[in-house]
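**Student:** Before I ask anything, here is the structure I am working with.
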Amino acid sequence: MDLEKTKGQQLLDELGYKTKSAWENVKDREKIFNFCNDYKAFLDNSKTEREYVKEAVKIAEKLGYIDLDKVVEENLPVKAGDRLFRVIRNKAVVFAVIGKKPLDKGTRMLGAHIDSPRLDLKQNPLYENTDMVFMKTHYYGGIKKYQWLAIPLSLHGVIIKKNGEVVNIRIGENDNDPVFTITDLLPHLASDQMDKKMKDAVTGESLNSLVGSIPYDDKDVKEKVKLNILKFLNEKYGIIEEDLISSELELVPAFKARDVGLDRSMVGAYGQDDRVCAYTSMMALFDLKNPEYTSICVLTDKEEIGSVGNTGAKSRFLEDFIADLCFLTSSNYSDILVRRCLNNSVMLSADVNSAVDPNFEGTHDKLNAAYLGKGVAVLKYGGSRGKSGASDAHAELVARVRKVFNSNNIPWQTTELGAVDKGGGGTIAMMVSNLGIDVIDCGVPVLSMHSPFETTSKIDIYAAYKGFKAFLTDF
Ligand code: MN
Ligand code: MN
């Protein structure tokens, strides 16, 4: 039965802004699910920024991407279609495909971050108490501390020995590996804890992870269990306790990325903020063959603690990368070339945003919020309390992004970072815009953001990937 629409209904279709589930009339469900299977496998191998860089470069090199530092060193020619990358201190990475247009016409960029909230080990972490050995941690990024208790944790990172030798650590990811855990109080004895405010119920200094409980057999040694752990570390990795001072070790959830829901429509995993946008951006760029504009995917570190340091978006590594590209592709390099390039460049700052969670009413203005399953979300501005600290994209830029998404049938929605006066935040957009680049935030909505197990919708993941690709080719 095909009921004809009334005049009013037709007019509403024409004039009103409507959003709907992106799953409606979806034709390539299998493609979406396959893309997300690859994404989940990538997540399992890339739980830290260092691991992400390694895995990403592995894929890139297979696709013919060449290390820009090698190009510079060997003075190799660079031409349109060439694929280049640069790794920054093993924690950030930039990929580029050289376009047909000269660099001073600008670039098309996708920017995301590859660090996630976690528990870093302190530099002197080991201590013994009641015949158990613990590792002290210092949490990284915004976490709800209670969520990190009583779950299996894996340990990732590097230890740099006195002689400079690098020991790579990855314990707890194989099914037969041991894991670590931070214990929680049993409910029976937790009445004092339960009376506390949630933010005070677990303190930072109590986030100590269990690491052993067998004593070294010598009655004359004081901390026998700790000595036994030191002996294990020395036998297995050739390290002494002081080596831990020059280490970067991160405790992250030990579980793997999984499908969520009977219909398998969602992905649950640690670290989807912001690896879901990093992965989709990177894959969009990797699909690119001969773009008009030089196209760049920049994946930064330290976003979760303010984009600081020389691997974060506040540093100049992106600018330096672009300066190198300008130098390599022009016969008379000058500073003005770099400035023109930056001022004519456009970036989608690809970061996740918070989806409406019906279990928690009142956090969003529902007219201006992202929903799981309605496509990639465009965030004109972030900030908090009167847009303070926001990168507010120009309406002209929003219009052009909207046009690209609509003409490529990309499901998308508009969003804001929560209701006014509820909180807020920002990402790398503000640092990038300081360079003169036109930038707008755009990414995948997430539930349980910053928790050990974040949830996204597969259709949004795929929409982000397709949308980013459309931006690179059509903007
Ligand atoms: Mn983020
Ligand atoms: Mn975040």
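The values are calculated or read from the model by the stated rules, or taken from the named source; none is laboratory data. This one's a predicted model, so the numbers in the text were calculated from it and none came from an experiment. Neighbour counts are summed over all protein chains in view; Cβ atoms, including those assigned to glycine, are modelled from backbone coordinates with ideal geometry.
**Student:** Cβ contacts < 9 Å: first residue assigned by TED's automatic domain parsing to the domain that holds residue 304, restricted to the range 86-115; second residue modelled with pLDDT under 95 and among the basic types (Lys, Arg), any location; separation 6+ or different chain. Result?
**Tutor:** That search, which allows pairs on different chains as well, returns 97/289.
**Student:** So for the range 325-332 (the condition being of a type in the set (Gly, Ala, Ser) and modelled with pLDDT of 95 or more), does at least one residue qualify?
**Tutor:** The answer is no, given that none of the residues of the range 325-332 is of a type in the set (Gly, Ala, Ser) and modelled with pLDDT of 95 or more.
**Student:** For residues in the range 316-352 being without any contact (Cβ under 8 Å) to a residue 24 or more places away in the chain and of a type in the set (S, T, N, Q), which is nearest to ligand 2 (Cβ to nearest atom)?
**Tutor:** Going through the qualifying residues, I end up with 334.
**Student:** Output the residues belonging to the range 369-403 that are under 20 Å from residue 459 (Cα atoms) and surrounded by 17 or more Cβ atoms within 10 Å (Cβ to Cβ).
**Tutor:** Result: 369, 370, 371, 372, 373, 374, 375, 376, 377, 378, 379, 401.
**Student:** Also, I was wondering about something else. Given the residues 179, 225, which is the only one that is out of contact with any Leu (no Cβ under 9 Å at 6 or more places or on another chain) and surrounded by 15 or more Cβ atoms within 10 Å (Cβ to Cβ)?
**Tutor:** The match here is 225.
**Student:** Sticking with this structure for a sec: Can you tell me which residue in the range 136-162 is farthest from ligand 2 (Cβ to nearest atom), limited to those that are among the aromatic types (Phe, Trp, Tyr) and either part of a strand (DSSP E or B) or at positive phi (or both)? Let's see the steps before the verdict.
**Tutor:** Going through the range 136-162, the residues among the aromatic types (Phe, Trp, Tyr) turn out to be 139-140, 146, 148.
Still in the list and also either part of a strand (DSSP E or B) or at positive phi (or both): 139-140.
Numbers: 139: 13, 140: 11 Å.
By that ranking, first place goes to 139.
**Student:** Of all residues in the range 116-135 being within 21 Å of residue 306 (Cα to Cα) and in a strand (DSSP E or B), which is farthest from ligand 1 (Cβ to nearest atom)? Walk me through how you get there before you give the answer.
**Tutor:** Step one: list which residues in the range 116-135 are within 21 Å of residue 306 (Cα to Cα), which gives 116-122.
Filter once more, keeping what is in a strand (DSSP E or B): 118-122.
Numbers: 118: 13, 119: 18, 120: 18, 121: 23, 122: 25 Å.
The extreme case among them is 122.
**Student:** Every residue in the range 424-446 that is surrounded by fewer than 22 Cβ atoms within 10 Å (Cβ to Cβ) and within 16 Å of ligand 1 (Cβ to nearest atom), please.
**Tutor:** Residues satisfying the conditions are 424, 425, 430.
Each row is one residue, and each column tells you yes or no for (1) loosely packed, with under 13 Cβ neighbours inside 10 Å; (2) farther than 20 Å from residue 48 by Cα; (3) aliphatic (A, V, I, L, M).
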position: 120; (1), (2), (3): no, no, no
position: 133; (1), (2), (3): no, yes, yes
position: 140; (1), (2), (3): no, no, no
position: 152; (1), (2), (3): no, no, no
position: 174; (1), (2), (3): yes, no, no
position: 196; (1), (2), (3): yes, yes, no
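**Student:** Across the range 232-256, which residue is surrounded by the most Cβ atoms within 10 Å (Cβ to Cβ) among those that are under 17 Å from residue 49 (Cβ atoms) and more than 16 Å from ligand 2 (Cβ to nearest atom)?
**Tutor:** Let us first name the residues in the range 232-256 that are under 17 Å from residue 49 (Cβ atoms), namely 247-253.
After this cut, where a residue has to be more than 16 Å from ligand 2 (Cβ to nearest atom) as well, the list is 247-249, 251.
Details: 247: 18, 248: 18, 249: 21, 251: 26.
Filtering first and then ranking leaves 251.
**Student:** Within the range 312-348, restricting attention to residues that are in contact with a helix residue (DSSP H, G or I) (Cβ under 7 Å, 6 or more places away or on another chain) and among the hydroxyl-bearing types (Ser, Thr, Tyr), which residue is nearest to residue 436 (Cα to Cα)?
**Tutor:** 333
**Student:** So, restricting to helices (runs of 4 or more DSSP H) that lie completely within the range 227-346, which ones have at least 2 residues that are within 22 Å of the chain's Cα centre (by Cα) and not polar (S, T, N, Q)?
**Tutor:** Answer list for the range 227-346: 272-286, 317-329.
**Student:** Another question, if that's okay. Has the range 24-42 got at least one residue that is farther than 25 Å from residue 260 by Cα and either in the same structural domain as residue 464 (by TED's automatic domain parsing) or at pLDDT below 95 (or both)?
**Tutor:** No, that holds for no residue.
**Student:** Which ones in the range 347-368 are of a type in the set (Gly, Ala, Ser), within 16 Å of ligand 1 (Cβ to nearest atom) and either assigned to a loop (DSSP other than H, G, I, E, B) or surrounded by fewer than 16 Cβ atoms within 10 Å (Cβ to Cβ) (or both)?
**Tutor:** Narrowing the range 347-368 to residues of a type in the set (Gly, Ala, Ser): 349-350, 354-355, 362.
Those still in the list that are within 16 Å of ligand 1 (Cβ to nearest atom) too: 349-350, 354-355.
Correct list: 350 only.
**Student:** Right, here's the next one. Working carefully through the options 62, 58, find the one that is within 25 Å of residue 118 (Cβ to Cβ), free of Cβ contacts under 8 Å to residues at least 24 places away in the same chain and out of contact with any strand residue (DSSP E or B) (no Cβ under 6 Å at 6 or more places or on another chain). Lay out the reasoning, then the answer.
**Tutor:** Values: 62 fails: within 25 Å of residue 118 (Cβ to Cβ).
One residue alone meets the criteria, 58.
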